Amino acid sequence: MQASVANGRRLAFVVEEFGVPSPAQQLLDRFLVGYPWDGGFRRSQDTRVAAWLEGGAEGVGELNRRVRDFGLELGSSLPATVGGADAVLVVWRGSGAVANENLLRRVLENARPGAACFVHGVLASNGERARAWLDLARTRGLRLVAGTTLGVTWRLPAVDVPADAVVTEALALVQNPAGDFAGLECLLPRIGRRRGGESGIRRVRVAEGAAFWQAAEEGAWPSDLLAAAIARSDTPQSGQGQDSRLWDIAGRGLLRDLARDPRALLLEHHDGLRAAVLVLDGVVDDYNFAVRLTSAETVSAQVYRPRPPGEHQYSALAAHLEDYLKGGAEPWAPGRGALIADVLAAAQLSAARSGEWIALPGRMDENPLS
């Protein structure tokens, strides 16, 4: 079966690995073969797909299968692969929490002016570098945005923060290996809907181990919001072989017994919003958020990640990307990638300085992340 045609738009994938499953495989197969969406099967009939595997033979066998079965083209070089493409998707290894900036620079330098570029994962190792890539993209007439499935996948239940709501407190509950990055990807799209949008984060602090529990006792995040986030989980853990669905983890004080290497990423926004990303391995095995509005109403949900092999959160991302890659609006503000890079770099510094508050540069007033 041939999913691409001889003419039409050209889409280039630049990947660091191609395992099954992996983010690179999940995304490439959706653009190459198609995917279930909105009660049907969605397929890009007019798109030619090419791929460049950076760094060697890891995954070449799987890519060759797609050459044979679905008409994938393998580029002879990175410049040749991206230079003739109308759009480029760059996919980092694993969860995407570590950027290969040398690879991204080469992509941006060789992409055709006018192309849309999407990076699955972080944009850079810090905000300064992220803004440099955004500037380079603008200089070359490219459109560039970075992110993952977590901002566009389904919520269970299907709720969201009301547009233009006043938000006072928020938290995300996640696990490693993505940790801080996954939490920001879950949380920022939700709270970015608040009144005035995202004007930026003033300072960041990390609390780990014993400092995590001290921060909890000092009210660094609301205990009832954490309880609300846990209540949205369908994978609560007991740690003792018991049926954990019968236990009120937060209410019975089981967090200390269950949590392994707890970590909190605390955020103070310029508009006064306090937010937290809590990495609590051993408590639940899914991603959840809870947000408090000024009406005292709490909005909470699970950020849904269907399990392998389907992982249909990638279908949601592919559906959003299709319009963008064909010239439509960005699925979210490009500045979010720079803000996340700023926060992650500050978190590393805070952890190295025993939980010191680290100030972030500037504000986002000119580029709100609503």
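The values are calculated or read from the model by the stated rules, or taken from the named source; none is laboratory data. Not measured: the values here are computed from a predicted model. For neighbour counting, all protein chains shown are included, and Cβ atoms are generated from backbone atoms with ideal geometry for every residue, glycine included.
In the set I191, I230, only one residue is in the same structural domain as H269 (by TED's automatic domain parsing) and within 24 Å of P334 (Cα to Cα); that residue is I191.
In region 321-370, the qualifying residues are those that are hydrophobic (A, V, I, L, M, F, W, C) and part of a loop (DSSP other than H, G, I, E, B), and the one that is modelled with the lowest pLDDT is L369.
Scanning for something over 23 Å from G121 (Cα atoms), out of contact with any Asp or Glu (no Cβ under 8 Å at 6 or more places or on another chain), surrounded by 14 or more Cβ atoms within 10 Å (Cβ to Cβ) and of a type in the set (A, V, I, L, M, F, W, C), does region 6-21 turn up at least one residue? Among the residues of region 6-21, not one is over 23 Å from G121 (Cα atoms), out of contact with any Asp or Glu (no Cβ under 8 Å at 6 or more places or on another chain), surrounded by 14 or more Cβ atoms within 10 Å (Cβ to Cβ) and of a type in the set (A, V, I, L, M, F, W, C), which makes the answer no. Counting only residues that are of a type in the set (S, T, N, Q) and not in a loop (DSSP other than H, G, I, E, B), region 50-95 holds 2 of them. Among the residues of region 58-97, none is identified as of a type in the set (F, W, Y) and in contact with a Cys (Cβ under 9 Å, 6 or more places away or on another chain).
Comparison of V145, V204 shows that the only residue that is not assigned by TED's automatic domain parsing to the domain that holds G121 and not hydroxyl-bearing (S, T, Y) is V204. Taken over region 275-310, the criterion of being touching a strand residue (DSSP E or B) at 6+ places or on another chain (Cβ under 8 Å), surrounded by fewer than 17 Cβ atoms within 10 Å (Cβ to Cβ) and of a type in the set (G, A, S) is satisfied by G282 alone.
Restricting attention to region 217-237, the residues that are small (G, A, S), surrounded by fewer than 21 Cβ atoms within 10 Å (Cβ to Cβ) and touching a residue at least 12 places away in the same chain (Cβ under 8 Å) total 5.
State all residues of region 138-158 that are more than 16 Å from the chain's Cα centre (by Cα), part of a strand (DSSP E or B) and within 30 Å of D86 (Cα to Cα); if no residue qualifies, say none.
Matches in region 138-158: R143 only.
Would you pick out the residues in region 27-71 that are among the basic types (K, R) and in contact (Cβ under 8 Å) with a residue 60 or more places away in the chain? The answer is R30, R42.
Selection of region 171-201 for residues being under 16 Å from A347 (Cα atoms) and of a type in the set (D, E) yields D180, E185. Among the numbered criteria (1) surrounded by 13 or more Cβ atoms within 10 Å (Cβ to Cβ); (2) closer than 30 Å to T47 by Cβ; (3) without any contact (Cβ under 8 Å) to a residue 60 or more places away in the chain, which single criterion is violated by Q313? It fails just one condition, (3).
Between V161, V98, the distinction of being part of a loop (DSSP other than H, G, I, E, B), in contact (Cβ under 8 Å) with a residue 12 or more places away in the chain and surrounded by fewer than 17 Cβ atoms within 10 Å (Cβ to Cβ) belongs to V98 only.
Given (1) on the phi < 0 side of the Ramachandran plot; (2) of a type outside the set (D, E); (3) buried (at least 18 other Cβ atoms within 10 Å of the Cβ), where does G179 come up short, assuming only one miss? Checking G179 against (1) on the phi < 0 side of the Ramachandran plot; (2) of a type outside the set (D, E); (3) buried (at least 18 other Cβ atoms within 10 Å of the Cβ), the one that fails is (1). When we screen D38, D46 for residues that are surrounded by fewer than 19 Cβ atoms within 10 Å (Cβ to Cβ), modelled with pLDDT under 95 and touching a Lys or Arg at 6+ places or on another chain (Cβ under 9 Å), the only hit is D46.
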